[in-house]
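Chemist: Before I ask anything, here is the structure I am working with.
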Amino acid sequence: MPRRKTSKKQNFSLKDMQNLKLKKGSRVTTVSASKRIKDKNYVSKALWECLVADDVEGFKDILKTHLELANKEDFVRDTGISRRTLFRMLSEEGNPTLDNVAKIVHKLCAA
C-alpha cells in the first residue's frame, strides 16, 4: 500500500503549545453547554449563523441537540410541525423544507 502524503500543517501538536498564565485577579468561569443549548437566544443565533453559512448539517445538529434537552411536545405544538415530520427532517437523510425551517426559526426567535 503506498504511503499517503500529509500536509506540512499537520506537524503541529498540542504538546508544542506554550502554557499561558492568567493575570492576577482574573477569574475562570465555567460554561455549562447544557444550559447554553437550552437558551432560545443562543440557539436562534447559532441557527441563523448556520443558515447564513449554508451549513444544513450544522443547523440540524444544533436543533437536534436543543430538542434533546427541550420539551419536544411544546415545540411541536408551538411550531405546528408534526412530531414525525420534525424527526424525519432531522435525520441524516432529512431535507427540511423552507416552510418548516421558517416555523422553527420563528418559534426560536420570536418572543
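No lab work stands behind these numbers, since they all come straight from the coordinates. Given the structure is predicted, the values throughout are model-derived calculations rather than measurements. Using ideal geometry, Cβ is built from the backbone for each residue, glycine included, and neighbour counts are taken over all protein chains shown.
Chemist: What is the dipole size for the chain, taken about its Cα centre, with +1 at each Lys and Arg Cβ and -1 at each Asp and Glu Cβ, in debye to the nearest 20?
Modeler: Values: 24 positive and 14 negative charges, 176 e Å.
Using only the charged Cβ atoms, the result is roughly 840 debye.
Chemist: Can I ask one more? How do 55-64, 28-37 rank on mean C-beta neighbours within 10 Å, highest first? Before the final figure, lay out each step's value.
Modeler: Working: 55-64: 16.5, 28-37: 8.4.
Those peptides, ordered most packed to least, come out 55-64, 28-37.
Chemist: In what sequence do Met89, Met17 fall when counting other Cβ within 10 Å, fewest first? Working shown, then result.
Modeler: Values: Met89 19, Met17 8.
Going from sparsest to densest Cβ surroundings: Met17, Met89.
Chemist: Note down the net charge around Asn95, summing +1 for each Lys or Arg and -1 for each Asp or Glu among other residues with Cβ under 12 Å from its Cβ.
Modeler: -1
Chemist: Please label the shape of the chain as rounded, prolate or oblate, based on the square roots a ≥ b ≥ c of the eigenvalues of the alpha-carbon gyration tensor (a/c under 1.5 means rounded; beyond that, a/b larger than b/c means prolate, else oblate). Could you put the intermediate results ahead of the total?
Modeler: On the way: a/c = 2.94, a/b = 1.46, b/c = 2.01.
Oblate, since a/c reaches 1.5 and b/c is not below a/b.
Chemist: Counting only C-alpha contacts under 8 Å and six or more residues apart, can you give the relative contact order of the stretch 34-111 as a whole percent?
Modeler: Value for the stretch 34-111: 34 percent.
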